[in-house]
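The block underneath contains the structure these notes are about, expressed in C-alpha cells.
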Amino acid sequence: MTAEVWTVTFRVFRRKGAEAPHYDFFRLEVSPDEYVLDAIERIWAFHDRSLVYRYACHHATCGACGMRVNSVEKLTCITTIRSVARDGGEVTVEPLRNFPVISDLTVDMGDLYRSMEAVHYPAVSPVAAAPLPTIPAKDGISPGGPLREEPDAHRLNDCIECGLCVSACPIATTTAGYLGPAVLAAIQFQGISGKPALAGLADCEDGVWRCHSAYECTAVCPSLVDPGWRIMDLRKQAIGRRFRRLFGRGETA
Amino acid sequence: MSVQTRSPSRAAQWLNFPHRGVGMWAFAMNRLSALGLAVYLFLHLFLLRQLAEGPSAFDRFISLVRSPLFTLSEWVVVVGGLYHGLNGVRVILTSLGVAVPYQRQMFWILFGIAALGSLAFAIRMFTA
C-alpha cells in the first residue's frame, strides 16, 4: 500500500514586532493524515527558521499549539490536514485572536494564565467530582460506569488553558475587561457558594453578565469543558445567591 | 511568496463570517434587531409629536404613513420585534440554566415561530 500524498499550500500569518503583518506561502507535500502542527514544524525545519510558533506535547494535553486554521480555532496537534484542506488546496494558519501577537503564530497568554491562577483553578481534582461520561459495556468485557471509583483517585482537570475559547469569543474581541469563558468556567467548576471572592468576580458586569450566549467557546473547546454551559450555570448560581442574600440567607461577606 | 496584509477590522473579527455557529448568529441578529427597535422607538415618539400640532397636521401625517413604504417599514418592525422577543425567551431560559445543551434546537424552533408570525403579519398587512 502506498502512502497517500497531498500537495497543500500553507498560507501562514507572519508578524515581527511592530512591522506590518503579511502572509507567507509554503507549498508542501504532506500525508493528509498528518496534523497541521506537523506541517508547521516542517516549514520551520526546511523552509524558514525564523517562523515562531508554540507547541509542546503533541497530544492535546499542554494546550500550547492553539492557532486559527482557516479562521477556526484548533489545537493544531490533533487537527488532521485532511479535516481542513483538500489535495491541491490551501490552508490558512493564523495566531489566536484576542491575545497580543508576540511573533508570527505565538501570542501572549499571560493575562489568561494570571486570571486562572487568581481564581485558583485546580490542576487536578477527585475523579468523583468530574462529570465523566458513563462508559457503556458494549463488548461485554469493559465495565460500565465511571472509570474508577476509588475515593482518592485524582485526574487532570479538563481545561488545558489553551485559550481557544477566548479567541473564539466575540465579546472578548469587543470588551477587553471581560473575564472570558475559560476563567468563568474555572469559577463554575469550583462553585461560588461560600466563596465571596469568586462570586464577586463572576457576578459583575465583566463577569457572567457580559456573555451574550454565542456559544462559540463551546464550539471550539478541544477538551469538552463546555464553557458556554458553565457560564449559564454560573448565572443560575449567581441569581440563586442574590435571592438568598435578598432574604438574608447568604454569606455575610 | 509573501503577501502583505492588514489586520482585519474588529467588526470583521467579531462576525468572523462565515465561520460562526447558530449561537453567534442568534446573538448578532438579536443585537441588530435591538438597535433597529431602539431607533424605531425614538422615531415613533418623534413622529407622534405631531399630535401636539393639531388635527390637520396629524391627518397629513397619517395619510403619509399609509403609503406602502411605511407599511413595509412597519412590517420590518414587527419582524424585528418578533425575533427579538422570541429569542429573548431563549436567552432568559438559558441564563437560568434551563435547556442550555438544547440552545440550538430552541433557536430554530423560536426562529421558525418568528418566521411564521412574520409571514402571517405580511399576509394581513399587505393584502388588507
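Structure data summary
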read-out: Enumeration of residues in the stretch B:71-87 that are within 14 Å of chain A (Cβ to nearest Cβ) and among the hydroxyl-bearing types (S, T, Y); value: none
read-out: Residues of the stretch A:156-183 satisfying the condition of being closer than 24 Å to B:A26 by Cα, aliphatic (A, V, I, L, M), touching a residue at least 24 places away in the same chain (Cβ under 8 Å) and assigned to a loop (DSSP other than H, G, I, E, B); value: A:L179
read-out: Qualifying residue in the stretch B:54-70 (condition: at the interface with chain A (Cβ under 10 Å from one of its Cβ atoms) and more than 24 Å from A:T175 (Cα to Cα)); value: no
read-out: Count of the stretch A:186-209 residues which are within 20 Å of A:T175 (Cβ to Cβ), within 19 Å of the chain's Cα centre (by Cα) and of a type outside the set (A, V, I, L, M, F, W, C); value: 2
read-out: Hits in the stretch A:207-253 - residues which are small (G, A, S) and closer than 14 Å to B:T94 by Cα; value: A:S213, A:A214, A:G228, A:A238
read-out: Tally, over the stretch A:227-253, of residues that are within 8 Å of chain B (Cβ to nearest Cβ) and either more than 25 Å from B:P101 (Cα to Cα) or without any contact (Cβ under 8 Å) to a residue 12 or more places away in the chain (or both); value: 3
read-out: Where a residue in the stretch B:88-104 is more than 7 Å from chain A (Cβ to nearest Cβ) and its partner, wherever it lies, is outside any helix (DSSP H, G or I), with Cβ under 9 Å and at least six apart; value: B:R90/A:S213; B:R90/B:A99; B:I92/B:V98; B:L93/B:A99; B:R104/A:Y215; B:R104/B:G21
read-out: Hits in the stretch B:1-42 - residues which are surrounded by fewer than 13 Cβ atoms within 10 Å (Cβ to Cβ), at pLDDT 90 or above and either in contact with a Pro (Cβ under 6 Å, 6 or more places away or on another chain) or among the aliphatic types (A, V, I, L, M) (or both); value: B:L35, B:A38, B:V39, B:L41
read-out: Checking A:A18 against (1) in a loop (DSSP other than H, G, I, E, B); (2) of a type outside the set (D, E, K, R); (3) at pLDDT 95 or above, the condition it does not meet; value: (3)
read-out: Matching residues, the stretch B:99-128, being of a type in the set (V, I, T) and surrounded by 14 or more Cβ atoms within 10 Å (Cβ to Cβ); value: B:V100, B:I113
read-out: Matching entry among A:A219, A:A214, A:A186 (being assigned to a helix (DSSP H, G or I) and either within 14 Å of chain B (Cβ to nearest Cβ) or farther than 21 Å from A:Y113 by Cβ (or both)); value: A:A219
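The values are calculated or read from the model by the stated rules, or taken from the named source; none is laboratory data. As the structure is a computational prediction, the values presented were derived from the model and not from experiment. With ideal geometry, Cβ positions are generated from the backbone for all residues, glycine too; neighbour counts draw on all protein chains shown.
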